[in-house]
Structure formats: structure tokens, C-alpha cells
Amino acid sequence: MEQWIAEYLAAQKRAVDSLAPAQLAGLVETLRTAHAADRQIFIAGNGGSAANASHFAVDLGKGASDKLARRFRILSLTDNLPWITALGNDYAYDEVFVRQLMNFGRAGDVFIGVSVSGNSPNLVKCHEWAQTNGLKSIALVGAKRGRMADLADQVVVVGDTHYGRVEDVQMHVLHLLCYAFMENPA
């Protein structure tokens, strides 16, 4: 068991080390620009990535905002279960996020899609809609990249395909984005 744990931790470290600081600095700048212009930030994911999206919305909306003169306007599209089930039932599951984005999203806003595969149909639709409607889009994906990587304005690829490792590193990235403002508010 100790050997397996050591190998798991080594693989996790390699996944974290696959991130490029310059790329992450670009994401911080996108959020800084959106914040300065009082733009809305949207985030969504499925499964563990949905939990990460919700966690990010809390940390950016509360933790990071507590350090700034004006608060971030952040909404996780994963958090309104009645709306999600109504959209899934009345349309299709691949519409559950984009139909929310249609209600709230405006040109200049930011959409962040979080997916290990990069091919989640409901997130791909959000990136397509963002592209057509003038939203800046960010994709956090695993090594397979997927369609989201082709559509997004900014892409962060975690160099692994293991779902747990990629989701963990994606949460690293989301925490980093929040703490960039919490620890560096200027």
C-alpha cells in the first residue's frame, strides 16, 4: 500500500508540475479585467468538476471579494438544482448550463468550463454560445483536451487523464485564481 501511495503522490506532483505559471497568470489577468469592468463570471462542470465549480464560486465570491473594494460577480451554473432539472427534463441535459447562460450572459462576461475530458456536451455548448455572444471563455481540461480546448479563448491543460488527479489539479488552479486576489489584492 505504501508503494501505491508513493506512486500516486508522485503522479499527482507530475500533474501539478504540468501547469505553466505564465498561462495561469493570464487567467488571473482575465479575472482582474472582468472585475475592473464589473463583468459577470460564470463557471460550470459535471460531477466532481461541478463540486469544484461551486467551491470556486464560494471562494471568489466571498474570500477574494472580502479583500477588494468591489465584490466579484460570480455564479456557478451548477448550483440551481430545480432549474437544472427543469432544463434537463424539458430540453436535454446538454442544455442545462447554456440555457442559464442565455438568461444571464452578456458580451464581455467570462465563462469557465471545467472538464477532465473536455468533451462534455453541456460545456461545449456553453463555449460555443460564449464565442457567438462575445463572452471570454476559459477551459480547464485534462490531457485529452477535447472540443472545449478548441473553442475556448484560454485553455489550461492538466497533463494527465486520471479523473481524480485532474480534478484535484483543476481545484489547485481554481484556488490559485482566488488566492491571487486574497493574498495579492493590489
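The values are calculated or read from the model by the stated rules, or taken from the named source; none is laboratory data. What you see is a predicted model, and the numbers here were worked out from it, not measured in a lab. Heads up, the Cβs are rebuilt from the backbone with ideal geometry, glycines too, and the neighbour counts pull from every protein chain shown.
Observations, loosely collected:
- Residue identified as at pLDDT 95 or above, hydrophobic (A, V, I, L, M, F, W, C) and farther than 18 Å from ASN46 by Cβ among LEU140, LEU177: LEU177
- Unmet requirement for LEU123, which otherwise passes all of (1) of a type outside the set (Val, Ile, Thr); (2) more than 17 Å from ALA53 (Cα to Cα); (3) in a helix (DSSP H, G or I): (2)
- Count - residues of region 70-114 that are among the small types (Gly, Ala, Ser) and touching a Gly at 6+ places or on another chain (Cβ under 6 Å): 1
- Filtered by the rule that a residue be more than 15 Å from MET171 (Cα to Cα), hydrophobic (A, V, I, L, M, F, W, C) and under 12 Å from the mean Cα position of the chain (by Cα), region 139-154 gives MET148, ALA152.
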